[in-house]
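What follows draws every value from the coordinates through simple rules; no lab data is involved. Model, not experiment: these values are computed from the prediction. Positions of Cβ are generated from backbone atoms using ideal geometry, with glycine treated the same way; all protein chains shown enter the neighbour counts.
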Ligand code: SF4
């Protein structure tokens, strides 16, 4: 069980009693992923997840090599726009946009075309290649779908950006219409493992999320399906989630860390330890070698000064600017970090 660690208390790094065994495990994973280009089995990932804390640096180093070998040096930068905020009828316990919790986020209507286009132009100006329009809804109703199918071609034509959409659970017909409108990538997060989902959401099922992910692929949009770590799930459940994602074969996985929001049922949970976050970034890269792994919400409060280390532990994409309901650090700081790391910003080629 991974219990959250109060951020004020320093955590001693655990040392391995079997350094030769740890080296051998890492060497075998390296041989599989770099020499044989073979994905690891679930059991191999579980063995790596059990390495002690003093092996996180070599684990992260291997994950970085795997990212370079499978995805290259480029980092894809994306801006997201909360085009309709708050008032969501669902009860995801981490989310300040749910109307069921007494959170400070208030419901706002769908932004108008000019506001969406202005945000898209600003995103393009930062050098981003992807712009994601996010709506806090269970799924799109007829009016919302009609707006999206008008907006997406407009944003593409005005800015040249690839347009992604996140609008909840889809029917087959919704997915077809969004694909026809030119949606490049659809975001629908699994968030957490199937076995833990019922502790976090009671108004819809994990299977509904997985089904939407399958429809996105079926209609040939790229699938973006993210995770939210640090909600009280066990290490075994993180491995379960990784395995479930591997089955869905997403093109992109945003990695979010819980940033506890006031008024939500998870408001009092502490962010996970930064070292633990680096370990899991590396494990997600080793489990999803050819996938875009994107830094998303909660990285500032969780990783603090270790944010650059995450970029050398398997991350190869960033959301820059603000998140849906929380402020990210400034785009300039992120772009400077990439410059300091000598990581070029650019669109990533198709998944290998
Ligand atoms: S995560 Fe999405 S579906 Fe859940 S409450 Fe928030 S906006 Fe609604």
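The spacing between segment 22-77 and segment 265-312, judged by their C-alpha centroids, is 16 Å. Could you give the angle, 0 to 90 degrees to the nearest 10, between helix 19-30's Cα long axis and the longest principal axis of the Cα atoms of the chain? Between the helix axis and the principal axis of the chain, the angle is about 40 degrees.
The C-alpha atoms of the chain define a longest principal axis, and helix 56-71 lies at about 50 degrees to it.
Panel order for 309, 231, by other beta carbons found within 10 Å of each beta carbon, from fewest to most: 309, 231.
Look at 302, 234 and count the other Cβ atoms within 10 Å of each Cβ; fewest to most, that gives 234, 302. Which of rounded, prolate or oblate describes segment 62-155 when judged by the alpha-carbon gyration tensor and an a/c cut-off of 1.5? Oblate. Taking all Cα pairs closer than 8 Å and separated by 6 or more residues, the relative contact order of segment 49-171 comes to 26 percent. Note that segment 204-352 shows a convex hull volume over its alpha carbon atoms of 125 Å³ per residue. Residues 221, 154 in ascending order of nearby Cβ atoms (within 10 Å, fewest first): 154, 221.
Helix-only estimate, please: 222 nm mean residue ellipticity of the chain, summing -39500 (n - 2.57) across DSSP H runs of length 4 or more and dividing by its residues, to the nearest 500. It would help to have the intermediate numbers written out before the result.
Values: 13 runs with 141 residues, N = 352.
Value at 222 nm, helices only, nearest 500: -12000 deg cm²/dmol.
Between helix 235-248 and the chain, what is the angle of the helix's C-alpha long axis to the longest principal axis, kept within 0 to 90° and rounded to the nearest 10? Orientation of helix 235-248: about 60 degrees from the principal axis. Mean sequence separation of contacting Cα pairs (under 8 Å, at least six apart), scaled by the length of the chain, corresponds to a relative contact order of 25 percent.
The ellipsoid equivalent to the alpha-carbon distribution of segment 69-340 has semi-axes of 25, 22, 19 angstrom, derived from the gyration tensor eigenvalues as √(5λ) and listed largest first.
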